[in-house]
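Here's the structure we're looking at; comments come further down.
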Amino acid sequence: MCGIVGYVGSKEARSILLEGLQTLEYRGYDSAGVAVIQAGGIEVKKRAGRVADLAKELEGSTLSGTCGISHTRWATHGGVTNANAHPHTDEAREVAVVHNGVIENHAALRTTLEKEGVEFASETDTEVIAMLAARALRKVRTAKEATVAISKMVSKLTGTYGLLILSKKFPDTIFAARLGSPLLLGIAKHGYLVASDATAVSAHTDQVIYIEDGDVLAVNPKGYQFLKTERNHSVEQIEKVEMSEGLGKFTHYMQKEMYEQPASITSALRGHILKNEAIPRLSGMNITDEQAGQIDRIIFTACGTSYHAALVAEYWLEEIAGLPVEVEYASELRYRKSPVGDNTLVVAISQSGETADTLAALRELKRQGKLVRALVNVVGSSIAREAGGGLYLHAGPEIGVASTKAFTSQLAVLFLLTTYFARIRGVSKAKGKELLKELQNIPVHVKKALTYEHEIETIAERYQDVHTMLYLGRGTNYPVALEGALKLKEVSYIHAEGYPAAEMKHGPIALVDKETPSVIINPRSALYDKVMSNLEEIKARNGPVIAIATEGDRAIAKKADQVIYVPDVPDIFQPFVTVIPLQLLSYHAALARGCDVDKPRNLAKSVTVE
Ligand code: F6R
């Protein structure tokens, strides 16, 4: 959460910073600001609102300079106000600071500073850092001394930070420090960028150094100097991040990304399924077949949509590979004293690769010496780098805050993992080939599922004013129900609950009335008749029903108020197609209600705070 970018070099910082902020806006969009060193000192412009609002405000300003820092905020401490926007400065504007992370002991530090007479202008934890940094830098004479002083200053902070600091004393230098929040240094021909992720530097360079936890460094147009020189800060090449592709024929990124799914699933499978082979190649997992044969349990850990993908995989791995699986919210796993056996494989799943809870859970399990791997979309992200191996989703950038294509790509990769373990654990070659063949057909079915958008739009408009919706499914469609409910909540702000269809009579059925529709996911499967009974139970209580059903199912159309059809695929593959109408339903409900689908309120794409 929060995006930060700094620039020092031969070019005007302002436009580079604003462009960088635009690419980072998915990390937070409550407020934005820049600070640039000018002849007269540090100039700060900041305001509540989007980066575009800041850019407009800067149009008429004289803000100019070649060394600056900037920030786009997802509020943690203090409301969304101009005063709480970053950068923050000390009282004399000797320093300016942008910060991503949370300082847990900020209140105690603030009290101490207030006792010394310091007056704060904001409610943020970051302003405390600005005050401390200014004091720490008062007596230093060289940039090297400044890094030592900053290192001492940050040792007083408890929590997480990716920090950029400007000091009037060093007008051509950016100081940076990291603990727990991502930061990288981009090395361009015209200067250096320091940013919270590669998207902000990729327009200028593909050469980066990943700044590690505990690092403090100084960067000026001539070079950079890390305080901990003994560490290996090697330059790495990043994949070109295509953020500039724009929306093309689409109106929103969420819509574009839903339509990219046939291609992104294909991309997730690419290179893993070799002709005439019945076992996928997963060399990135960095596990030998012999090691895999010893594994007697998998723990998946993730948050949000990634957690729902893991729940689907739990059904797959247990049913197809006979391998016991547990799925844990990373925020819980990180603090649980749960015994993890030596033959357990821990797999963290994350689109962004930066989710603080998932990263912390991964680190904790690594610390315990467990076998930890990751399934990640963003190449070079913290989770990808810290896991001992794993698989990339190769879904391309997901910009819409609501995750869509990452979910189906996660499913694709998780199905590869399932087939791999199934084969390792004795499932026949013929079955392995059959599973992989079906998997490769999935993009075609997903494409077909997307063709029902128009009908879904009509249904979304019909129900746009409801207050609550239930999402019900069984088997692998139960996690899909959870995902459908999450999508609706986050983009349309309609309350929704996902439940196992049969479980609703143990409580949620009390919510059912003629104003509360239920989405019942019931494509033809072994559980079809059972879910049909659940549907009847809702109808008997006058609850409107939107059924997700297999193409050609006329029987369900007689019972449900509306039907959305999905292509006929084998039971185990249904989540790939049943999630599509739920994504579209939430998208159209949000549009009908006038919501900002790509930037829903209170959310951010990359949740880098606990
Ligand atoms: C929902 C959504 C979030 C993320 C969650 C985990 O649409 O996007 O629930 O799935 O914050 O994010 P990653 O996968 O980046 O770890």
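The values are calculated or read from the model by the stated rules, or taken from the named source; none is laboratory data. The shown structure was predicted, so the numbers you read here are calculated from the model rather than taken from an experiment. Here Cβ is always computed from backbone atoms with ideal geometry, including for glycine, and neighbour counts include all displayed protein chains.
Brief remarks on what is shown
- Residue within the range 365-388 that is within 16 Å of the ligand (Cβ to nearest atom), more than 30 Å from THR251 (Cβ to Cβ), at pLDDT below 95 and touching a Lys or Arg at 6+ places or on another chain (Cβ under 6 Å) present: yes
- The condition of being more than 28 Å from HIS204 (Cβ to Cβ), touching a Pro at 6+ places or on another chain (Cβ under 7 Å) and modelled with pLDDT under 95 holds for only one of ILE265, ILE273, that being ILE273.
- The residues of the range 140-174 that are among the charged types (D, E, K, R) and in contact with a helix residue (DSSP H, G or I) (Cβ under 8 Å, 6 or more places away or on another chain), listed by number, are LYS152, LYS156, LYS169.
- Flag if ALA55 is outside any strand (DSSP E or B), modelled with pLDDT under 95, over 23 Å from LEU185 (Cβ atoms) and not hydroxyl-bearing (Ser, Thr, Tyr): yes
- In the range 528-536, the condition of being in contact (Cβ under 8 Å) with a residue 40 or more places away in the chain, surrounded by 21 or more Cβ atoms within 10 Å (Cβ to Cβ) and closer than 20 Å to GLY304 by Cα is met by no residue.
- Within the range 460-490, considering residues that are more than 22 Å from the chain's Cα centre (by Cα) and among the aliphatic types (A, V, I, L, M), the one surrounded by the fewest Cβ atoms within 10 Å (Cβ to Cβ): VAL466
- Identity of the residue in the range 280-311, out of contact with any strand residue (DSSP E or B) (no Cβ under 9 Å at 6 or more places or on another chain) and among the polar types (S, T, N, Q), that ends up nearest to the ligand (Cβ to nearest atom): THR305
- Contact annotation: residue pairs with Cβ atoms under 7 Å, 6 or more positions apart or on different chains, pairing a residue in the range 292-304 that is outside the structural domain of PRO479 (by TED's automatic domain parsing) and of a type in the set (A, V, I, L, M) with a partner that is away from the ligand (no atom under 12 Å from the Cβ) and part of a loop (DSSP other than H, G, I, E, B), are ILE295/ASN343; ILE298/LEU323; ILE299/VAL340.
- Within the range 490-520, being free of Cβ contacts under 8 Å to residues at least 60 places away in the same chain, of a type in the set (Val, Ile, Thr) and not in a loop (DSSP other than H, G, I, E, B) holds for ILE509, ILE520.
- Test: residue in the range 580-601 that is hydroxyl-bearing (Ser, Thr, Tyr), in contact with a Leu (Cβ under 9 Å, 6 or more places away or on another chain) and either within 16 Å of the ligand (Cβ to nearest atom) or in a helix (DSSP H, G or I) (or both): yes
Residues are listed down the side, and each one gets a yes or a no for (1) small (Gly, Ala, Ser); (2) assigned by TED's automatic domain parsing to the domain that holds ASP197; (3) out of contact with any Leu (no Cβ under 6 Å at 6 or more places or on another chain); (4) farther than 21 Å from GLN351 by Cβ:
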site	(1), (2), (3), (4)
ALA406	yes, no, yes, no
LEU411	no, no, yes, no
LEU414	no, no, yes, no
LEU417	no, no, yes, no
ALA422	yes, no, yes, yes
GLN440	no, no, yes, yes
GLU455	no, no, yes, yes
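- Residue ID - nearest to the ligand (Cβ to nearest atom), chosen from residues in the range 349-364 that are within 21 Å of VAL401 (Cβ to Cβ) and not in a loop (DSSP other than H, G, I, E, B): SER350
- Residue match in the range 134-146 (condition: closer than 26 Å to VAL609 by Cα, in contact with an Asp or Glu (Cβ under 9 Å, 6 or more places away or on another chain) and in a helix (DSSP H, G or I)): yes
- Cβ pairs under 8 Å, 6+ apart, first in the range 401-420 and charged (D, E, K, R), second more than 15 Å from the ligand (Cβ to nearest atom): LYS405/GLU260
- With respect to the conditions (1) hydrophobic (A, V, I, L, M, F, W, C); (2) within 30 Å of ALA143 (Cα to Cα); (3) crowded, with 20+ Cβ neighbours inside 10 Å, LEU63 lacks only one, and its number is (3).
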